Every structure is written in C-alpha cells, then in structure tokens.
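Contents: one structure, followed by commentary.
Laboratory data are not the source of any read-out in this text; all were calculated from the coordinates shown. Since the model is a prediction, treat every value here as computed from it, not as a measurement. FYI the Cβ positions are ideal-geometry reconstructions off the backbone, even for glycines, and counts take in every protein chain you see.
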Amino acid sequence: MQRIQRSFTRPRAAVALLLVGALTACSSRDPVSTAQVSQFTLKSVDNHELPYEISQSADGSTSVVLTDLVLSVLEDQTWRTSGHERITTNGVGADQVVHGNGTFVAHDTSATFLNTQGDIVYEGAFIDTPPKFIITDSLAHVYLFCGTAVDLTLCQLPPDTTAATVRGR
C-alpha cells in the first residue's frame with residue numbers, strides 16, 4: 001500500500017485527532033494493539049436520501065442505485081468504505097457489495113481521500129458538530145456522511161451545497 005508523506009502542524013494534527021476522536025475515545029494508558037475507528041453512515045447523495053440512483057446508461061437500460069455505505073476512518077490515516085448497490089439491467093436487478101480503501105490527508109478542516117494507487121477518490125470537509133463529512137467525487141456527486149452515533153435528523157447539508165462549494169472549503 002502506498003503511504004503518504006505527512007508533516008504535522010497543529011491544525012493538521014488537530015483535524016486528524018478530530019476525525020478519529022469524533023466518535024471514539026481511549027482513556028487507557030496501555031498500548032492498544034488495533035487502530036481506533038470512527039464510522040460515518042452515508043445519509044444522502046446530491047441532497048437526496050438513500051437509496052439514490054448514482055448513474056444510468058445513455059439508453060436507460062442500466063442503472064446503479066446506491067442503497068447504503070459506511071465510511072470508516074482509522075487513526076493510522078487510512079479509510080475504508082463498505083456498502084451495497086443495486087444494478088438493474090433491462091429490468092433485472094442484482095445487489096452487489098461495494099467497498100473501497102486507501103489513505104487520507106487532512107488539511108485544516110478538509111480531507112482528501114486517496115485510493116491505494118494514490119488517486120483522489122473523495123475530497124471535502126469534516127465538520128465536528130455534529131460529526132460529519134461533506135465530500136465530493138470525480139463525478140461531482142456530493143456525499144453527506146454522518147457520525148454513526150448522531151441523530152440523523154440533526155445531520156444536514158448546509159443550504160446551496162454543491163460539488164464546487166465543497167471543493168472550495
């Protein structure tokens with residue numbers, strides 16, 4: 001797995017700690033043998049609740065509907081996603097497991113998620129109250145991931161959020 005060179009400044013270290021510590025805390029002084037994980041549940045894509053059609057073929061014969069996705073952020077600056085999508089071709093549907101993984105780089109309150117080849121998968125912002133990620137992908141979809149311990153009615157996109165405004169944060 002490709003590792004990202006990182007340099008810590010106080011703001012970068014603070015956002016990395018927020019990312020991991022938003023939902024987990026360790027009060028033990030003993031060494032921990034496994035990485036701590038914070039999990040975020042996908043609430044919406046392009047401000048539409050799930051399930052949501054994320055793509056469709058030009059002739060309409062094939063569509064992909066994202067039904068659920070969980071983003072896990074680990075203290076070692078790695079991430080992974082796991083979820084499900086339904087692919088329908090000519091009226092016949094099939095459910096599939098989807099997953100991704102890689103590393104992330106924190107910059108102030110923003111984060112860039114890279115795959116194992118070092119390509120950008122998502123980029124956007126982390127907001128700590130309530131804990132959530134507002135990120136976008138290369139297709140300009142806007143994803144709202146909310147902390148799993150958060151009341152989802154409290155986790156909302158700011159008004160007029162677009163892929164351009166997410167990248168500009």
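Between Val97 and Asp119, the FRET efficiency estimated from the beta carbon spacing at R0 = 22 angstrom works out to 0.55. Label positions at Ala58 and Asp160, each projected 7 Å from the Cα along the C-beta direction, are separated by 3.5 nm.
Take the Cα of His141, go 7 Å toward its beta carbon, and the backbone nitrogen atoms of the range 58-84 under 14 Å from that spot belong to 63-71, 81-84. Taking 0.36 nm per residue of separation and subtracting the Cα-Cα distance, full extension of the segment from Leu50 to Thr88 would add 12.1 nm.
Tell me, Leu71, Leu42 in order of fewest to most beta-carbon neighbours within 10 Å?
Numbers: Leu71 24, Leu42 20.
Fewest-to-most ranking of Leu71, Leu42: Leu42, Leu71.
Projected over every direction and averaged, the convex hull enclosing the alpha-carbon atoms of the range 37-167 yields 8.6 nm².
Note the full-extension length gain between Gln36 and Asp108 as 0.36 nm times their separation in residues minus their Cα-Cα distance, in nm to one decimal. Write down the numbers at each step before the final one.
On the way: separation 72, 0.36 × 72 = 25.92 nm, distance 2.09 nm.
Between Gln36 and Asp108, full extension yields 23.8 nm more.
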